[in-house]
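Below you'll find the structure, written out as structure tokens, and then a few comments.
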Amino acid sequence: MAKTSTTTQGLRAAIERSGYYPALVAEAVEAAVGGEPVRSYLVHQETTFDQNEVRRHVTVLVLTGNRFIVSHTDEQAADNTSPTPYATTSTESVKLSRISSIVVSRVVANPESYTPGTLPREIVLTIGWGAVSRIDLEPAACGDPNCEADHGYTGNSTADDLSLRVSEAGDGPETVRQALTFAQALSEATADSAR
């Protein structure tokens, strides 16, 4: 990453603030970004409970001038493949022109008295670029309750490459604000790349 960029320095600081294997996460993200300037970013740490274990996961989203970069890092307990705990980290680099959808779902309290600019209670950011699709099928039916014919199936295909939930209660208002800023920057960048 270009060390002179304020945004790049902010990304590095956010990774370090997460406290989640910052050297490992930063190295993976820096390798994926290369020399491109960082336009926007989001660092999101999530803790999950798996039976008797607590697992942590961090997702780093980075927007450069040409690409959208996703980095995931997970920790794993010792198992039969490794006698010691370990972490896995992966990065994916997507050309902006490949992004097909950006969905921002906002949850606001007291919508009848909503004031523009008020921070949502939570958001779900879903980004699709065609790498993963989900198909939900169900038997098709007609309006006749006595019909026994086979009408085949009906369903939906949904791009489901990345879905990230950020809440004010769990992540803090600054993370919600950062997620909205990132979503807007990504939306604007994909609009620019389509021209």
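The values are calculated or read from the model by the stated rules, or taken from the named source; none is laboratory data. Quantities reported herein were computed from a predicted structural model and do not represent experimental measurements. Here Cβ is always computed from backbone atoms with ideal geometry, including for glycine, and neighbour counts include all displayed protein chains. The protein model used for the area step is the full one, side chains on, heavy atoms only, and it has no ligands, DNA or RNA in it. Shrake-Rupley method; radii C 1.70, N 1.55, O 1.52, S 1.80 Å.
Set Lys and Arg Cβ to +1 and Asp and Glu Cβ to -1, take the dipole of the chain about its Cα centre, and tell me which of 91, 31, 166 lies farthest positive.
About the Cα centre, the residue reaching furthest to the positive side is 31.
Would you indicate which of (i) 217; (ii) 154; (iii) 227 is the value of volume of the Cα convex hull per residue in Å³ derived from the coordinates of this structure?
Checking each listed value against the structure points to (i).
Round to the nearest 10 and give me the degree value, 0 to 90, for the angle of helix 173-194's Cα axis relative to the longest principal axis of the chain.
Once rounded, the angle reads 80 degrees.
If contacts are Cα pairs under 8 angstrom and at least 6 residues apart, what is the relative contact order of region 1-105 in percent?
It comes to 21 percent, rounded to a whole number.
Tell me the carbon and sulfur percent of the accessible area for region 1-85, rounded to whole percent, probe radius 1.4 Å.
Carbon and sulfur atoms account for 51 percent of the accessible area of region 1-85.
Accessible area per residue for the chain in Å², computed with a 1.4 Å probe and the full protein assembly in place, what is it?
Value for the chain: 59 Å² per residue.
Let me spell out the model: positive unit charges on the Cβ of Lys and Arg, negative unit charges on the Cβ of Asp and Glu, origin at the Cα centre of region 61-176. What dipole size does that give, in debye rounded to 20?
640
Please give the length that would be gained between residue 100 and residue 56 if that part of the chain were fully extended, namely 0.36 nm times their separation in residues minus their C-alpha to C-alpha distance (nm, one decimal).
Extra length available between residue 100 and residue 56 comes to 12.9 nm.
Mind listing the phi-derived Karplus ³J(HN,Hα) values for region 72-84, rounded to whole Hz, using 6.51, -1.76 and 1.60 with θ = phi - 60°, and x for any glycine or proline?
For region 72-84, the Karplus-derived couplings read 10, 10, 10, 9, 10, 6, 4, 8, 6, 9, 8, x, 10 Hz, x marking Gly and Pro.
Contact order normalised by length for the chain, with contacts defined as Cα pairs under 8 Å and 6 or more residues apart; what percent is it?
16
Once you have the Cα-Cα distance between residue 108 and residue 24, take 0.36 nm times their residue separation minus that, and quote the gain in nm to one decimal.
Difference between extended and current length: 26.7 nm.
Tell me, what ³J(HN,Hα) does each residue in region 12-19 have, in order and in whole Hz, if you take phi through Karplus 6.51 cos²θ - 1.76 cosθ + 1.60 with θ = phi - 60° and put x for Gly and Pro?
4, 5, 5, 5, 5, 4, 4, x
Please state the charge dipole magnitude for region 1-143, taken about the Cα centre, from unit charges on C-beta atoms (+1 on K and R, -1 on D and E), reported in debye and rounded to the nearest 20.
620
Given the options 88, 118, 126, state which has the largest fluctuation in a GNM of the chain using a 10 Å cut-off (strictly under) for Cα springs.
Answer for the Gaussian network model of the chain: 118.
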